[in-house]
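Data first, discussion second: the structure below is written as structure tokens.
Please treat every number below as a calculation from the coordinates, not as lab data. Owing to the predicted nature of the structure, the values given are computational and were not obtained by experimental measurement. Backbone-built Cβ (ideal geometry, glycine too); neighbour counts: all protein chains shown.
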Amino acid sequence: MSQLSQPPAFSYPNQRVIRPPLPKTQRNRALFAGAVSNTVLSAGLGILSAAGLVIAFGLIWEFVLLLIRASGTSTSSFGDQRPVEWVLERLGYDPSDAWIFWAVIVVLLIAGAFVSWAGIWIGKAIVAESGAARPWAVTWSATGILLGLGLIASTVVSPLAGPALSVVLGSAVASGAPTEDGSAGIGVALAASIIGAILSLAVYAIAGSLVWWWMAHALRRAA
């Protein structure tokens with residue numbers, strides 16, 4: 001009896017997925033979507049951060065006052081007032097209007113969340129209109145990368161940029177022509193702040209464009 005021959009070993013075909021270049025229309029739309037989305041999203045996150053910092057500062061202040069009152073080692077100048085009520089009284093306003101302050105903070109939180117979501121949705125809509133593949137995947141991947149880059153940049157750059165900005169603004173104010181009301185120095189500081197804001201917007205727009213184009217290119221359709 002002849003021996004049974006073993007079947008030949010099976011090998012998977014070496015298939016390479018070919019992806020054509022991203023069409024020009026989709027590329028331009030991705031660049032535009034990234035610039036708009038990241039700028040609007042950054043504005044919304046800025047509003048949320050500002051309102052959150054105010055709330056955190058108020059809570060920390062309230063906690064410190066609670067510890068001072070509980071220790072009984074010193075007399076607080078706040079009496080029975082909360083921090084916001086104390087500040088309003090010192091500014092000449094009615095302390096009972098403190099609820100208006102907190103209502104404004106809540107409105108800012110809602111507005112910041114709305115603007116942030118609007119930035120994400122607008123970017124997705126622009127990419128989807130161009131016919132790009134997986135617009136939501138492009139949106140969330142690009143947004144996640146930009147948020148991570150922003151967190152790293154704020155952690156690394158902020159400790160250096162803060163003192164440098166203080167020196168620049170101080171020098172700008174000091175370089176203004178002296179006037180009785182100090183309007184020259186204030187004008188120079190205001191101009192420097194405006195230029196800084198414009199540069200920040202430009203950085204947000206450029207970073208958003210590049211990352212969104214990268215994700216649209218990486219997730220483009222195969223041939």
Item to complete: Taking amide H positions as placed in the peptide plane 1.01 Å from N, state which residues far from Arg19 in sequence (5 or more) or on other chains have amide H under 5 Å from it.
Response: Ala223
Discussion item. How many angstrom lie between the Cα centre of the range 18-40 and the Cα centre of the range 109-127?
Written reply: 17
Worksheet item: Tell me, Val127, Val36 in order of fewest to most beta-carbon neighbours within 10 Å?
Response: Val36, Val127
